[in-house]
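Student: Have a look at this one before I ask anything.
Coordinate-derived values only; no laboratory data. All figures in this text were calculated on a predicted structure; none of them were measured in a lab. Cβ placement follows ideal geometry from the backbone for every residue including glycine, while neighbour counts extend to all protein chains displayed.
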2 protein chains.
Amino acid sequence: MKKDIIQKEGLGTVETKYATFAEPPHEMVLESGAKLGPITLAYETYGELNKDKSNVVLIVHALSGDAHAAGWHDGDKHPGWWDNMIGPGKAFDTEKYFIICSNVIGGCKGSTGPASINPKTGKPYGLSFPLITIRDMVQAQKLLLDQMGIKKILAVAGGSMGGQQVLKWAIDYPEMVRSAIPIATTTRHTAQQIALNEVGRQAIMADPDWQGGDYYGKTIPARGLALARMIGHITYMSDKSMAEKFGRKLISKEKGGFDFSQDFEVENYLKYRGDSFVQRFDANSYLYITKALDYFDLAEDGKLTDALRKAKAKFLIIAFTSDWLYPTYQSKEIVKALKANDIDVSFCEVSSDYGHDAFLVEVEGQSRLIKHFLARVQKEIKA
Amino acid sequence: MKKDIIQKEGLGTVETKYATFAEPPHEMVLESGAKLGPITLAYETYGELNKDKSNVVLIVHALSGDAHAAGWHDGDKHPGWWDNMIGPGKAFDTEKYFIICSNVIGGCKGSTGPASINPKTGKPYGLSFPLITIRDMVQAQKLLLDQMGIKKILAVAGGSMGGQQVLKWAIDYPEMVRSAIPIATTTRHTAQQIALNEVGRQAIMADPDWQGGDYYGKTIPARGLALARMIGHITYMSDKSMAEKFGRKLISKEKGGFDFSQDFEVENYLKYRGDSFVQRFDANSYLYITKALDYFDLAEDGKLTDALRKAKAKFLIIAFTSDWLYPTYQSKEIVKALKANDIDVSFCEVSSDYGHDAFLVEVEGQSRLIKHFLARVQKEIKA
C-alpha cells in the first residue's frame, strides 16, 4: 500500500533500455590503445526531452551503480539508487528536465563488460576484456548521446566514481557540457585510496574460484568478492555513522559467544552486505572498475589547473564533512583549480555523519543546492 | 659498521627468556571461564633491578609485537620494535629503570597460543585454544611478575593494543601500578574498528588452506593472512603519510601496464608487507588477538568513569593527530573519565603525519613527555 503511494508520487514504473554502437570495423579506441566493439550501454530516461533539446541532464553512477537511477522496475522492492533525487519536483525535476542515466562499460548491469560474450570467440571476455578507464566510460556515453541525437547537456551529475565521470565529461567534451555537478569525488586516487581498492582486488584474485577470471558458468568467487565489498562498505560509512547504527551491539548467539562466528551486529551486517553483493555484481567487473578508479588522474600527472582550463561548464561541487574516502580537501583542490581558471564554481561542504554514502542519503541539503544551481544555469543560458 | 656503532650506543645483544606457570591443576581461569595451563610467557629485560625493586617499567606490545622490544638478537638486521625508545639515556632509560617487556598469550612469539602444543592431546591447539581477552593477557603478565618477585611497577607503558593492556593493568591491579602510559589507544573498539578486524578474520577464514585452523605442519593460509595484514597496514598509516611515501608513483612494469598485476608502488609495498608478515606471524594468533581487541571494553558496558575509579596510578596519555585507527577523541574520553575521578592525568596530542604508526616512530615528542613524566612519578613516590 505504502509502496503504491510512493510509486504514484514518483516516476512509477520505468524500464532499462539498451543501445549498441561502435560496431566493427568502427570499434571505439580505448585509452590503452585497445579497440572495443560492438559496445552496448544500458540506460534509462525520465521526463521529456523538450523541442530544442536543451533540458538534458546526464546522471552517471558510482562503482556498483547502474542505469536504474529512479522509478520502479516491475516486482522490485526498492526504487532506483537515486530515486530520492530524481522525479517530479525533486532535485533533478523530471517535470523540467529530460534525465538520462547511463551505465558504464566494464560493468555487469547490461553494458559491455568482462562477463559479456566476446563476438570473436563466442565466449565471455573474462580477463581478455581490455582494461578500461574513466575516459573510456565517458567516451562510450558520448557515443550513446550521439546516437540519441543530443548535442548539448544542461548538466552532468554524479557522486563518487560518478563525479570522476562528470569531471572527465567537462574537460573531454567542453562544448557539450553546460554545467557539471561532481559530488563526493576526487580528481585522482591517493595512495590510500589505491591501497584500499588493491586489497579488494587481491581478495577476489586470492579466491580459488576466481580461476584467473575464467569462472563464468562455474562457481563464482563469492567469498573474495564479498570480502572486497566488506572493505568497500567500511569506507562508505563514517566512524560515527557505524557507531550510531551498530555501536558494540551483540547479536544473540545461542552458543553464548567466545568463538569466531559473528558476535557483533556490525560483523553480521557487513557479512550480509558482502554476501548479497555477490548476487548482483560480477567479480571481474569489480576488478576492472576499481582499476579504472585507481588509474584516474584528471591532471594526467600534470597540473590540475592546466587540465581544468579546457572546461567551459559552470560547476557545483559538493562534499560531505564525514566522507573519509573522498575527503573534502580533495573537492577543494578542484574548486581552487577552477577558480584559478576563472571558471564559475559554487562549492558546498554539506554537514553529514553518513560518510561517503551521504551523496545517496543527504537528500535535503543536496536538493536545495542542485535545484537552485540548475535554475540559475538555465536562466543564464537563456539570457 | 654502522650497525656496530648503533649496537654499542644501545643495549647491544639481548636474549628472550621464557617463564612457565599456571601448571595444572593450578590453571589460569580465563575471562570466558575456560582454564588454561601451563602457560609460557616470552619476555625480555633491560637494565638492572634496584635493591628495593622500585624501578620496574613494564612494556606491553601491539597486535603483531613481541617480547623483543629493544637491543639486538644475534644475526638480526633490525633491533627490537621499540629500540628507539628503550636504552641508555632514552625515554625508558635502562640506566635508571629495569625494563620488562612481556609477550601476550594467544600470540605466536614464544608464548602459549593456538600454535602451541596442547599437553592434553600432544597436538597444536588450533581452534581448540580458548578465546582470550585483554584481561587474560594482563593476568598472565601478573603471574609472570609474581614469579619474578615483583610487587610494584613504577610504570606500565604501551601503544595500541599495548595501551589497552596498560589500562587493564591500572584497574585490575591498582595497588601494583604506580603510573600508566597508554599511547594511541582506546578503551573499547568502535563498530568501525571491529569491522576492519572482522574483514581481516574473514580473509583468513576464507583461505582454503586455513582448514578450520588445523593447518599446522601443512600449507599455511598465507594469502588470507597477507590480506588481513594489508588491511591492517592501511589503518596504521595516514592518508598523508601514504601520499608522501608513495603518492601515485608507478613501478616499472616490463609489460607496460594495463593489467591486474601491481601498477602502483603502494600496491607493491602492501603486497610485500603482507607476504613478509606471513613469514613471522601465525594466522590463528591473528584471529585470537584481533578478537581480544574487539571484545575489549574497559567499562564493561557501564560507565568509563566508574571503571576507571579503581585506578590508583598517575596517567600520561598520548595520542597522535593523524591516527585514524584510534583517533584522539578516544584518548580524550579516558582523560575526561580520569579527571572526573580526580586522578592525576597528563595528556598530550602529538602532532604527526604518521598515523597510528606514530607511536613507533615519533621518538622525540614521546621521549620528552615520557622522561619528564617518569622522573616526576619517581620523585613524588619518594616524597
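Student: Any chance you could count the Lys pairs in the range A:194-291 whose alpha carbons are under 25 Å apart, treating pairs 8 or more apart or on different chains as valid?
Tutor: So the count works out to 11.
Student: OK, next. Assuming R0 = 45 Å, can you tell me the calculated FRET efficiency for the pair A:Glu27 and B:Glu349, based on Cβ-Cβ distance, to the nearest 0.05? Write out the running numbers ahead of the final one.
Tutor: Numbers: r = 57 Å, r/R0 = 1.26.
Here the calculated transfer efficiency is 0.20.
Student: For chain A, what does -39500 (n - 2.57) per DSSP helix run (n ≥ 4), summed and divided by total residues, give at 222 nm, in deg cm²/dmol to the nearest 500? The partial results should precede the final answer.
Tutor: Numbers: 12 runs with 143 residues, N = 383.
That calculation yields -11500 deg cm²/dmol at 222 nm.
Student: If you average the alpha carbon positions of the range B:309-379 and of the range B:281-305, how far apart do those two centres end up, in angstrom?
Tutor: Their Cα centres are 20 Å away from one another.
Student: Then there's this: Dipole of the range A:41-107, Cα-centred, from +1 at each Lys and Arg C-beta and -1 at each Asp and Glu C-beta, to the nearest 20 debye? Can you show the working numbers first?
Tutor: Working: 5 positive and 9 negative charges, 33 e Å.
So the magnitude is around 160 debye.
Student: Let me ask something else about it. Among B:Ser102, B:Val266, B:His78, whose Cα lies farthest out toward the positive end of the dipole of chain B, if unit charges sit on the beta carbon of Lys, Arg (+1) and Asp, Glu (-1)?
Tutor: The residue sitting most towards the positive pole is B:Ser102.
Student: Per residue of the range B:70-86, in order, report the coupling 6.51 cos²θ - 1.76 cosθ + 1.60 (Karplus, θ = phi - 60°) as ³J(HN,Hα) in whole Hz, putting x for Gly and Pro.
Tutor: Each residue of the range B:70-86 in turn: 8, x, 10, 8, 3, x, 6, 8, 10, x, x, 5, 10, 4, 6, 10, 10 Hz.
Student: Taking the mean number of other Cβ atoms within 10 Å as a proxy for protection, how do you rank B:74-83, B:201-210 from highest to lowest?
Tutor: Working: B:74-83: 16.4, B:201-210: 21.8.
Descending packing order for the listed peptides: B:201-210, B:74-83.
Student: Which one of A:Ser54, A:His68, A:Gln147 has its Cα pushed farthest toward the positive end of the charge dipole of the protein assembly as shown, where Lys and Arg give +1 and Asp and Glu give -1 at the Cβ?
Tutor: About the Cα centre, the residue reaching furthest to the positive side is A:Ser54.
Student: Something else about it: Output the relative contact order of the range B:205-304, whole-number percent, from Cα pairs under 8 angstrom with separation of 6+ residues. Mind dumping the intermediate values first?
Tutor: Details: 68 pairs, mean separation 28.7, N = 100.
Taking the mean separation of contacting Cα pairs over the length of the range B:205-304, I get 29 percent.
Student: Hey, got the dipole for chain B? About the Cα centre, +1 on K and R Cβ, -1 on D and E Cβ, debye to the nearest 20?
Tutor: Details: 47 positive and 47 negative charges, 138 e Å.
Taking the Cα centre of chain B as origin, the dipole is about 660 debye.
Student: I need the calculated FRET efficiency for the pair B:Val361 and B:His73, taking r as the beta carbon distance and R₀ as 30 Å, to the nearest 0.05.
Tutor: Details: r = 21 Å, r/R0 = 0.70.
Taking R0 as 30 Å, the efficiency between B:Val361 and B:His73 is 0.90.
Student: All other residues with a Cβ under 14 Å from the Cβ of B:Ser64 taken together, and with Lys, Arg as +1 and Asp, Glu as -1, what is their net charge? Kindly include the intermediate steps, with their values, before the conclusion.
Tutor: Numbers: positive: B:Lys109, B:Arg229, B:Arg273, B:Arg280; negative: B:Asp66, B:Asp282, B:Asp357.
Result for the local shell: +1.
Student: Relative contact order, percent, of chain A when contacts are C-alpha pairs under 8 Å separated by at least 6 residues? Walk me through the intermediate numbers first.
Tutor: Details: 766 pairs, mean separation 63.5, N = 383.
That works out to 17 percent.
Student: Rounded to the nearest 5, what is the percent of antiparallel bridges among the DSSP beta bridges in chain A? Intermediate results must be reported in sequence, preceding the final value.
Tutor: Numbers: 15 of 40 bridges.
Taking every DSSP beta bridge within chain A, about 40 percent pair in antiparallel fashion.
Student: Also, I was wondering about something else. Taking a label point 7 Å from Cα toward Cβ, how far is A:Lys245 from its twins in the other copies, in nm, shortest first?
Tutor: From this label point to the equivalent ones elsewhere in the assembly: 2.9 nm.
Student: Going 7 Å from Cα along the Cα-Cβ axis for the label, what nanometre distances separate B:Ser351 from the same residue across the other copies?
Tutor: Reported distances to equivalent positions: 2.7 nm.
Student: B:Asp275 label points, 7 Å along Cα→Cβ, one per copy: pairwise distances from this copy to the rest in nm, shortest first?
Tutor: Those separations, rounded to one decimal, come out as 3.4 nm.
Student: Using Cα centres only, tell me the gap between the range B:45-90 and the range A:190-204 in whole Å.
Tutor: Measuring centre to centre over Cα atoms gives 35 Å.
Student: If you don't mind, another one. Within 11 Å, Cβ to Cβ, of B:Thr321, how many net charges do the neighbouring residues add up to if Lys/Arg are +1 and Asp/Glu are -1? Let's see the in-between values first.
Tutor: Values: positive: B:Lys240; negative: B:Asp323, B:Glu349, B:Asp353, B:Glu362.
Around B:Thr321, the charge tally is -3.
Student: Moving on to the next point. Rank A:Ser346, B:Tyr236, A:Gly212 by how far each Cα sits towards the positive end of the charge dipole of the protein assembly as shown (+1 on Lys, Arg Cβ; -1 on Asp, Glu Cβ) and give me just the farthest.
Tutor: Result: A:Ser346.
Student: I'd like the mean, over residues of A:181-194, of how many other protein chain beta carbons sit within 10 Å of each residue's own Cβ.
Tutor: Details: counts 0, 0, 0, 0, 0, 0, 0, 2, 3, 8, 19, 12, 5, 10.
Averaged over the peptide's residues, the number is 4.
Student: Please list, ordered by chain and number, the residues whose modelled amide H lies under 5 Å from the amide H of A:Asn118; skip anything fewer than 5 residues away on the same chain.
Tutor: A:Lys123, A:Tyr125
Student: How many percent of all Cα-Cα pairs in the range A:194-291 sit more than 24 Å apart?
Tutor: Working: 1451 of 4753 pairs.
Everything past 24 Å amounts to 31 percent.
Student: Another one. What net charge do the residues around A:Lys123 carry, taking every other residue with its C-beta under 13 Å from that of A:Lys123, with Lys and Arg at +1 and Asp and Glu at -1? Mind dumping the intermediate values first?
Tutor: Working: positive: A:Lys120, A:Lys218; negative: A:Asp214.
Residues close to A:Lys123 contribute a combined charge of +1.
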